[in-house]
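> Can you read through this structure? Questions will come right after.
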Amino acid sequence: MFQAASTFKDRCETVRTGRDIEGNTFPDRAGSAIEERFWLRSWTNETYLWNTEVADRNPADFSTRTDYFAVLRTLARTASGKEKDDFHFSEPTTQTLIRRTAAPQATYGASFLSISASPPRDFRVRYTEPGSPAATTANGQPNFERGSRLLRVNGIDFVSASSQADVNQLNAALFPSAAGVTTTFTVEDADRAQRTFTLTSVNLSPKPVNRTSVINTSSGSVGYILFNTFSPFLSEREIVDAMTQMRAAGVRDLVLDLRYNGGGLLAVASQLGYMVAGDTRTRNQPFERLRFNAAAGNRNPVTGATNNPIPFYTNGQGFTVPSGTALPTLNLPRVFVLTTPSTCSASEAVINGLRGVGVEVIQIGGTTCGKPFGFYAQDNCGETYYTIQFQGVNAAGFGDYADGFIPNNSTASFGVRLPGCAVADDLSRELGDPNEGLLSAALAYRSSFACPTASSAEAAQPRTDDPKTTTKGPPISLPQPSVMELNRDMTPPPGQ
């Protein structure tokens, strides 16, 4: 027996009062911890995509709401053996709102790749935020460069430190909790030169569009956009401005660099699809149809409204571009997309949505994460829950890519093959450099439809010549991205 989720909604053990940082009044009413868990049970039964695959467990058998939420999911696996639902999360609502509104947080402005978290550790710089301490030049040279490898942090051997005390200091230095933290780094750059410099953390909001450029070729201009997230709300403004720049430059082709883009607002993904494809291809076509659980019928079980498809949005949606503002279009018959396993969810929706209306998507890089699923983030009593509620399918009715999209010459056994080339992520050159591995492969494929040789692709991979050591020690873990940055987020614009 499942009572309606509305019976238990906002009945909280601890009642919040006042307003959140977006100005909304908290809806909490006096309740109990068991009512919070019963809400999770009914809400999962009503809205979870695979609700018939969830074992019904007694909420009274769990001590916390998050422990109970963790079991409200399917345990089934895809054809490749990975978990079908690998995207089941919750986080404090305060954190959700901070990220959604792009509230600045303490950082140096460098994004790290963890090749090895335990000794011998290997952390490399993926990219830096424009204008951040990490990217600010000193004597004409940037502090962190793409591919810079951490060697020492405040004099501590980052590679081999084995004591918990040292690791605690490394964590505190690398991921500061406040602005004004000063840290000295020693790094080895891609050319193996070593440097030491000092940075002070600042409060900074990451830029969704990290950089853009227009590359002149003998067959016309090629646009390049490094788009790192479809969230927060500012992503709408930044991608519209980037596409306006591409249109003004009259680009003949576009390279969308989504290699580190884990997802975000589906509405912004739809806008991007429209700006690439133009009005003729997208007119009266859905960007994505939503498939809910079988009991939902033609109703959206989350909103209660008729399950209408997500259109290709042709105007600003009010996140940070005024509602009704016409969007620029490039009207391209094809687009080059740079991918890695970090390319996920809303990024994959752009690939699938464009393919659904006949735009050729040429994939350069690695297999995408494989997430044709999405959610409506839901706050209840101060915790925001993310549970898979729909599968997205394109205008052609396709959405079965749970094992990702893969370039046609990939040796992977699973995934949906697209035209293009499998190329390793290249940490030896800056993103946007025409000689960087993935971008270079895209430009070459554009002119000759040929992929790099195996030796060329291998040359782009990061070195893994770790020091020979048997040192053991605790790992250092990178902070996890916001949950909404790794999903299709159905959050509506403010005030809607």
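The values are calculated or read from the model by the stated rules, or taken from the named source; none is laboratory data. Not measured: the values here are computed from a predicted model. Using ideal geometry, Cβ is built from the backbone for each residue, glycine included, and neighbour counts are taken over all protein chains shown.
> Kindly evaluate residue 247 against the criterion of being modelled with pLDDT of 95 or more, out of contact with any strand residue (DSSP E or B) (no Cβ under 8 Å at 6 or more places or on another chain), part of a helix (DSSP H, G or I) and closer than 19 Å to residue 398 by Cα.
For residue 247, the condition - modelled with pLDDT of 95 or more, out of contact with any strand residue (DSSP E or B) (no Cβ under 8 Å at 6 or more places or on another chain), part of a helix (DSSP H, G or I) and closer than 19 Å to residue 398 by Cα - is not met.
> Condition first: closer than 30 Å to residue 212 by Cβ and in a strand (DSSP E or B). Can you find one or more residues in the stretch 97-105 that meet it? Break it down stepwise before answering.
Within the stretch 97-105, the first condition is being closer than 30 Å to residue 212 by Cβ, and the residues that meet it are 97-105.
From the residues that got through so far, the ones that are in a strand (DSSP E or B) too are 105.
Yes, the stretch 97-105 contains at least one residue that is closer than 30 Å to residue 212 by Cβ and in a strand (DSSP E or B).
> State all residues of the stretch 112-164 that are among the hydrophobic types (A, V, I, L, M, F, W, C), under 25 Å from the mean Cα position of the chain (by Cα) and within 13 Å of residue 195 (Cα to Cα); if no residue qualifies, say none.
Answer for the stretch 112-164, where residues must be among the hydrophobic types (A, V, I, L, M, F, W, C), under 25 Å from the mean Cα position of the chain (by Cα) and within 13 Å of residue 195 (Cα to Cα): 144, 150.
> Let me ask something else about it. Condition check: surrounded by 22 or more Cβ atoms within 10 Å (Cβ to Cβ) and touching a Leu at 6+ places or on another chain (Cβ under 8 Å). Does residue 353 satisfy that?
Working: surrounded by 22 or more Cβ atoms within 10 Å (Cβ to Cβ): yes; touching a Leu at 6+ places or on another chain (Cβ under 8 Å): no.
Criteria not met by residue 353.
> Across the stretch 15-34, what is the total count of residues that are free of Cβ contacts under 8 Å to residues at least 12 places away in the same chain and farther than 13 Å from residue 94 by Cα?
So the answer is 3.
> Looking at (1) in a helix (DSSP H, G or I); (2) modelled with pLDDT under 80; (3) among the hydrophobic types (A, V, I, L, M, F, W, C); (4) within 30 Å of residue 373 (Cβ to Cβ), which is the only condition residue 478 fails?
Result: residue 478 fails condition (1) only.
> Is it true that residue 318 is out of contact with any Gly (no Cβ under 6 Å at 6 or more places or on another chain), within 27 Å of residue 96 (Cα to Cα) and surrounded by 24 or more Cβ atoms within 10 Å (Cβ to Cβ)?
Numbers: out of contact with any Gly (no Cβ under 6 Å at 6 or more places or on another chain): yes; within 27 Å of residue 96 (Cα to Cα): yes; surrounded by 24 or more Cβ atoms within 10 Å (Cβ to Cβ): no.
Here the answer is no, as residue 318 does not meet what is asked.
> Now, a different point. Here is a list: 391, 378, 363. Which entry is in contact (Cβ under 8 Å) with a residue 60 or more places away in the chain and in contact with a Ser or Thr (Cβ under 8 Å, 6 or more places away or on another chain)?
Values: 391 fails: in contact with a Ser or Thr (Cβ under 8 Å, 6 or more places away or on another chain); 363 fails: in contact (Cβ under 8 Å) with a residue 60 or more places away in the chain.
378 is the lone residue from the list that is in contact (Cβ under 8 Å) with a residue 60 or more places away in the chain and in contact with a Ser or Thr (Cβ under 8 Å, 6 or more places away or on another chain).
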